[in-house]
Amino acid sequence: MAHKIRAVLIGGYEYVGAKVTYYKNLRRGVNRILCYKDNQIMINKMRDRTDHYPNYSFEFLREGDLLAAMFWADEREKAFYAKFGEVISFDVAFRTNKYKMVFVPFTAVDHHKKSVTVGAGLLSRETIESYEWMLKAFLRAHEGKAPKIVLTDQDAAIKQAVESVIGDLFKNKDFKKRFNKLVWNMLIKPDEFEKKWDLIINEFNLEDKRWFNDMFELRDKWIHAYFSDTRMSGLMKTTSRSETIQKQRNTQQELDHQTKKAKEIYKGSWYCQYEHLGTKNGWELYKVEQLNNNSDLKTEFKVEIKLPTNDVKCTCEHFNRFGTLCRHAFNILMKHEIKEIPEQYIENRWRKDVISRHYNFGRHVYDTGDSEINRFVNQAYYNFEACLEYVRKYKEKMDLFVKKTESMLKEYENETTNELQKNRTDVEEVGKLMGISIPKDININVPNVQSNKGCGKKSRIQSAAEIAYKNSNK
């Protein structure tokens, strides 16, 4: 795979030089040298980041001499959390490394409605103690600032129990449709939810089902009606946000297609009309009907506006949930010839300059054990990328830039190898290649391999090509 990637990068297999066998031998040599040291290498590298990077946080938990958990957050992630950390999600049902450690990303939504990571960690065991340690480390990294709401999926074991106990029920299309409509209704009030819940429970004879009773007792922790006054900023379903960080197969083209389709539906189908209802306590009252050109769907909302302060309220509560005004409110604002969004409805979290540009969101790219060399190397990477940004839009400048870098590369390649290079051992070569320092002393060993919750079968996950090949033979 590395050989193929190299061929693509430089324009063809004839330019690679090295054979596939060389790549395989290199990988075998790297694995032989790193071996069980990879855990200590990672800890050392993260410690080095805390020493040389501004505002970088890293913690790890050990059980004896084994790694149990770790958490890290850099300056960029802390900046995101400070501005967008009211609501976060974390999902532990993710792919793991070869030691079966679970990757735990903490996710928020930024001012572009994009998912951003505000911290991450690894757990060797999914226990209450591990989760407590992880959450405490998260709070310590963010100076004790707790989010208003934390979204997470239920335990994987609970999901399996639900499927086994009431699996047949969820095959009932009528029940599934009504249940989902009730649970994900963003406009429903608590008393209305409880009435409709009772109707479904009674109609389908679910009074004795423990899972439904338990979920009803926890309704204030998962039904949106009970925390509708807290702005979710578009972060409602933790799986849809957190798993987007993990699933690399969700290509940008697919996302762009979905966005385009949604915009077409939004733009072409819906329109609003309003009716003045009178004035009450200084507020003008309007009934706004949201209509659909392609169907008979019609939804009514009440909008109130107070002049001259331009305060506006709508029963859809879009601003309370997302922090942006709804189309119903805009209709009434335009009716009064208010051509700018009132300042009180422009939240700081949506401004384009909410994240200061002074943050150096660099990355740690090299480690020689010498802090001064590390600084020079990182600065060289930054200078190169900055130059590339300046010239990448201009063909002539790019051509000159490539020729200059090629000339520098040939100059360094043709230098007479000094004695230090001649005496370099395999360990040093691997360290240089990987950008790490190979430790001699091992204080923290790799965790024992465990099957965590939700891991499923222990067999290797097959690629799409393998599955297609097997199906073609049937």
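Take the range 281-310 and flag every residue that is in contact with an Asp or Glu (Cβ under 8 Å, 6 or more places away or on another chain), open to solvent by 30 Å² or more (accessible area, probe 1.4 Å) and either in a strand (DSSP E or B) or modelled with pLDDT under 90 (or both).
Listed by number, the residues that qualify are W283, E284, L285, K287, K298, T299, E300, E304, K306.
Looking at (1) among the small types (G, A, S); (2) surrounded by 10 or more Cβ atoms within 10 Å (Cβ to Cβ); (3) at pLDDT 80 or above, which is the only condition G431 fails?
Looking at each condition in turn, G431 falls short on (3).
Can you pull out every residue in the range 394-407 that is open to solvent by 100 Å² or more (accessible area, probe 1.4 Å) and either at pLDDT below 85 or not basic (K, R) (or both)? So that I can check it myself, show each step before the final result.
Of the range 394-407, the ones open to solvent by 100 Å² or more (accessible area, probe 1.4 Å) are 394-397, 403-404.
Of everything in the range 394-407, those that are open to solvent by 100 Å² or more (accessible area, probe 1.4 Å) and either at pLDDT below 85 or not basic (K, R) (or both) turn out to be Y394, E396.
Within the range 99-122, is there a residue that is in contact with a Gly (Cβ under 7 Å, 6 or more places away or on another chain) and under 23 Å from E63 (Cα atoms)? Steps first, please.
Here is the first cut: in the range 99-122, the ones in contact with a Gly (Cβ under 7 Å, 6 or more places away or on another chain) are 104, 106, 108-109, 113, 118.
Still in the list and also under 23 Å from E63 (Cα atoms): 104.
Yes.
Can you go through R424, R460 and tell me which one is exposed (fewer than 13 other Cβ atoms within 10 Å of the Cβ) and either assigned to a loop (DSSP other than H, G, I, E, B) or modelled with pLDDT of 70 or more (or both)?
So the residue among R424, R460 that is exposed (fewer than 13 other Cβ atoms within 10 Å of the Cβ) and either assigned to a loop (DSSP other than H, G, I, E, B) or modelled with pLDDT of 70 or more (or both) is R460.
Go through (1) under 18 Å from V446 (Cβ atoms); (2) of a type in the set (A, V, I, L, M, F, W, C); (3) modelled with pLDDT under 85 for W72 and report which single condition fails.
(3)
Of all residues in the range 130-156, how many are at pLDDT 90 or above and open to solvent by less than 30 Å² (accessible area, probe 1.4 Å)?
5
Quick check on my filter: what residues within the range 55-76 are more than 18 Å from L139 (Cα to Cα) and surrounded by fewer than 18 Cβ atoms within 10 Å (Cβ to Cβ)?
Result: R62, E63, G64, D65, L66.
Among residues belonging to the range 203-214 that are open to solvent by 90 Å² or more (accessible area, probe 1.4 Å) and not in a loop (DSSP other than H, G, I, E, B), point out the one that is farthest from N172 (Cα to Cα).
By that ranking, first place goes to R210.
Identify, please: which residue in the range 255-278 is surrounded by fewer than 12 Cβ atoms within 10 Å (Cβ to Cβ) and among the hydroxyl-bearing types (S, T, Y) and is, among those, modelled with the lowest pLDDT?
Y266
Within the range 169-202, how many residues are part of a helix (DSSP H, G or I), closer than 28 Å to R321 by Cα and open to solvent by 70 Å² or more (accessible area, probe 1.4 Å)?
Number satisfying all stated conditions: 10.
Any idea which of (1) modelled with pLDDT of 80 or more; (2) closer than 30 Å to R49 by Cβ; (3) among the charged types (D, E, K, R) is the one D353 doesn't satisfy?
Just one mismatch for D353, condition (1).
Could you go through the range 77-100 and let me know if any residue there is assigned to a loop (DSSP other than H, G, I, E, B), more than 25 Å from P147 (Cα to Cα), open to solvent by 20 Å² or more (accessible area, probe 1.4 Å) and in contact with a Leu (Cβ under 8 Å, 6 or more places away or on another chain). Show your work before the answer.
Step one: filter the range 77-100 for residues assigned to a loop (DSSP other than H, G, I, E, B), giving 85-86, 91-95, 97-100.
The next check asks that each one be more than 25 Å from P147 (Cα to Cα); those that pass are 95, 97-100.
Pick out the ones that are also open to solvent by 20 Å² or more (accessible area, probe 1.4 Å) and you get 95, 97-100.
Those still in the list that are in contact with a Leu (Cβ under 8 Å, 6 or more places away or on another chain) too: 97.
Yes, the range 77-100 contains at least one residue that is assigned to a loop (DSSP other than H, G, I, E, B), more than 25 Å from P147 (Cα to Cα), open to solvent by 20 Å² or more (accessible area, probe 1.4 Å) and in contact with a Leu (Cβ under 8 Å, 6 or more places away or on another chain).
What pairs can you find where one residue is in the range 34-54 and under 23 Å from D426 (Cβ atoms), the other is among the charged types (D, E, K, R), and their Cβ atoms are less than 7 Å apart, with a gap of 6+ or different chains?
That search, which allows pairs on different chains as well, returns K45/D367; D48/D367.
Of the residues N445, N452, N383, which single one is within 21 Å of K98 (Cα to Cα), within 33 Å of the chain's Cα centre (by Cα), open to solvent by less than 100 Å² (accessible area, probe 1.4 Å) and modelled with pLDDT of 75 or more?
Within the list N445, N452, N383, the selection yields N445.
Could you grab me the full set of residues in the range 23-36 that are at pLDDT 85 or above and surrounded by 13 or more Cβ atoms within 10 Å (Cβ to Cβ)?
Y23
Do we have any residue at all in the range 40-54 that's assigned to a helix (DSSP H, G or I), over 19 Å from G121 (Cα atoms) and polar (S, T, N, Q)?
Looking for residues that are assigned to a helix (DSSP H, G or I), over 19 Å from G121 (Cα atoms) and polar (S, T, N, Q), one finds none in the range 40-54, hence no.
When the residues of the range 102-129 are filtered to those that are open to solvent by less than 50 Å² (accessible area, probe 1.4 Å) and over 15 Å from W72 (Cα atoms), which remaining residue is farthest from the chain's Cα centre (by Cα)?
Checked the range 102-129; the qualifying residue farthest from the chain's Cα centre (by Cα) is T127.
The values are calculated or read from the model by the stated rules, or taken from the named source; none is laboratory data. Computed from a predicted structure; not experimentally measured. Don't worry about glycine lacking a Cβ; one is built from the backbone with ideal geometry, like all the others, and counts go over all protein chains shown. Just so you know, the surface numbers come from the protein's heavy atoms only, side chains and all, with ligands and any DNA or RNA stripped out. Shrake-Rupley method; radii C 1.70, N 1.55, O 1.52, S 1.80 Å.
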